[in-house]
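Coordinate-derived values only; no laboratory data. Predicted model, so just to flag it, every value in this text is computed and none were measured. Here the Cβ is made from the backbone with ideal geometry for all residues, glycine too, and neighbour counts use every protein chain on show.
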């Protein structure tokens, strides 16, 4: 039954996250609160996504669980090193984006802030390095339990589906520039087209 609870919680979070990211929802919010409020939207959206994700993580931690495996040393240290590298690469990818825009701070101070297509640094290797390194961080965990396996599978599915939806949004936003970038750069796994 834990599997159902975790998947349901993750699906509910994913639905809320996707709904609040949609143009339809944003247009409705703008209609209700006005254009000025939209300068705060990205920051509030990110805060909402984080706060609503905490109960999902709490559920994974709180529900009864069973260990599936624990990778022994020295392999455990290699996996922990891979997780550390994933965190470092996540931080680098985050900094290579317009992270002030990504978080929602730039919009508060610059009303007409526009996103730029980032294709340098880690974005030359994969189109979604934040997703790639989030996944490597998850899957290099040397301790696997039933709850974490279910969560990792659900999160992986959500990130892959989310990347596909994001691709459509980026194609609308950046047009031919993104189409050309898409043809020359792998989505999540380097050199895999």
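Worth pointing out:
- On Cα atoms only, tilt of 129-139 relative to the major axis of the chain in degrees: 20 degrees
- Of (i) 38; (ii) 49; (iii) 34, the label for percent of Cα pairs over 24 Å apart derived from the coordinates: (ii)
- Based on the Stokes-Einstein relation at 4 °C and a viscosity of 1.567 mPa s, and on the Kirkwood radius from alpha carbon pairs, the range 96-193 is assigned a translational diffusion coefficient of 86 µm²/s.
- Axis of helix 38-62 versus longest Cα principal axis of the chain: the two differ by about 10°, to the nearest ten degrees.
- When you restrict to C-alpha pairs under 8 Å that are six or more residues apart and normalise by the size of the range 1-149, the relative contact order lands at 36 percent.
- Modelled label positions at residue 152 and residue 108, each set 7 Å beyond Cα in the direction of Cβ, lie 3.7 nm from each other.
- Rounded to 10°, Cα long-axis angle of helix 2-21 versus longest principal axis of the chain: 10 degrees
- The range 35-123, relative contact order in percent, only Cα pairs under 8 angstrom and at least six apart counted: 48 percent
- Global form of the range 45-152, assessed from the alpha-carbon gyration tensor, a/c cut-off 1.5: oblate
- Dividing the summed helix terms, -39500 (n - 2.57) for each DSSP H run of n ≥ 4, by the number of residues in the chain produces a 222 nm estimate of -23000 deg cm²/dmol to the nearest 500.
- For the range 111-186 versus the range 30-103, the spacing of their alpha-carbon centroids is 13 Å.
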